[in-house]
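Below is one structure, written out as structure tokens; the observations come after it.
The values are calculated or read from the model by the stated rules, or taken from the named source; none is laboratory data. This is a predicted model, so every value here is computed, not measured. Neighbour counts are summed over all protein chains in view; Cβ atoms, including those assigned to glycine, are modelled from backbone coordinates with ideal geometry. Keep in mind that these areas ignore ligands, DNA and RNA; they rest on the heavy atoms of the full protein, side chains included. Shrake-Rupley method; radii C 1.70, N 1.55, O 1.52, S 1.80 Å.
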Amino acid sequence: MIVSSYHHKSTEKVARVIAGVLDAQIRTPGQICPEELQEYTLIGFGSGIYDARHHADLLDLADALPPVTDKKAFIFSTSSMVNDDKVAKDHSALRGKLQSKGYMIVDEFSCRGFNTNSFLRYFGGMNKGRPNAVDLRHAEEFAVNLRQKVDSR
């Protein structure tokens, strides 16, 4: 799993839960050599959402990936606001980059994360305490379902 999480480590918390279910390693975009991803059958890409898209480091890595054939991937994020339409939009840049390289997106996940960006820091932030136990349980359920989807293919 490739994760960019630095403000409050919200996305890293989600990544740890998913990685635990999938028995996966977690690395940052800077720790990845794009060619080494060839050895993995499933790759997760996740970060917080910044200006309606994943972190620039993750998007830059996606641009640098070599073309693949039928490589499976999943996308995840934390964000200040979450609903199906917003998640689909927020994930669209990364999804498009991965699909253009030949990745098959198996599933996507998002939950709320603590946000103190911009003016929000003056008001104590938004979604303090998120992701919470319920969010992390949903992340675990996502990972269990993801594992079943990948194993059945």
Q. Of the numbered conditions (1) of a type outside the set (D, E, K, R); (2) in a helix (DSSP H, G or I); (3) open to solvent by 30 Å² or more (accessible area, probe 1.4 Å), Ala52 satisfies every one except a single condition; which is it?
A. (2)
Q. How many of the residues in region 21-49 are free of Cβ contacts under 8 Å to residues at least 24 places away in the same chain and of a type in the set (Gly, Ala, Ser)?
A. 1
(Q) Out of the residues in region 125-153 meeting the condition of being modelled with pLDDT under 95 and acidic (Asp, Glu), tell me which one is least open to solvent (accessible area, probe 1.4 Å). (A) Asp135
(Q) Can you tell me which of (1) open to solvent by 50 Å² or more (accessible area, probe 1.4 Å); (2) part of a helix (DSSP H, G or I); (3) farther than 19 Å from Asn145 by Cα is the one Tyr6 doesn't meet? (A) (2)
